[in-house]
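Contents: one structure, followed by commentary.
Just so you know, all these numbers are worked out from the coordinates, no wet-lab data involved. Treat the numbers as computed from the prediction; the structure is a model and nothing was measured. Using ideal geometry, Cβ is built from the backbone for each residue, glycine included, and neighbour counts are taken over all protein chains shown.
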C-alpha cells in the first residue's frame, strides 16, 4: 500500500482531483457508513480495500437512483485504484461497469469513458 500511495500522489489522476475538490464533506450516516465522494479517497490512503468500497456502495439504499449513483462512483474509483496499482485488467472491468451503469450526467461517467479511451478501448 505504501507504494500505491506514492504512485497516487506522484500521478494525480483526474479522479483523485475530483475526490479532493468534491462538494460536501464525508459524514457518517449510521452503521459505519459514510456519504460524500471523499469516502472513496480512503482507498488511496490504504484505509479501505476496493472490496470494502464496493460492498459499501452495494449496501441497501432505499432510493434506487441513489444506489445506482453509489455503485457508479465505487466502480470508477476502484478502477482508478486498480489502474494505479498496475492491475489494468481489473481496472478495465470496473471502467466498463462505470460506463454501463453510471447516469450520463455524472462526472464519473465522463471520467470512465476517457479512461477507457486512454487504455485504447472503445467505451
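Quick one: order 41, 106 by neighbouring beta-carbon count within 10 Å, fewest to most.
So the residues, fewest neighbours to most, are 106, 41.
Using alpha carbons only, how many angstrom separate the centre of segment 56-77 from the centre of segment 90-121?
With segment 56-77 and segment 90-121 each reduced to a Cα centre, they are spaced 15 Å.
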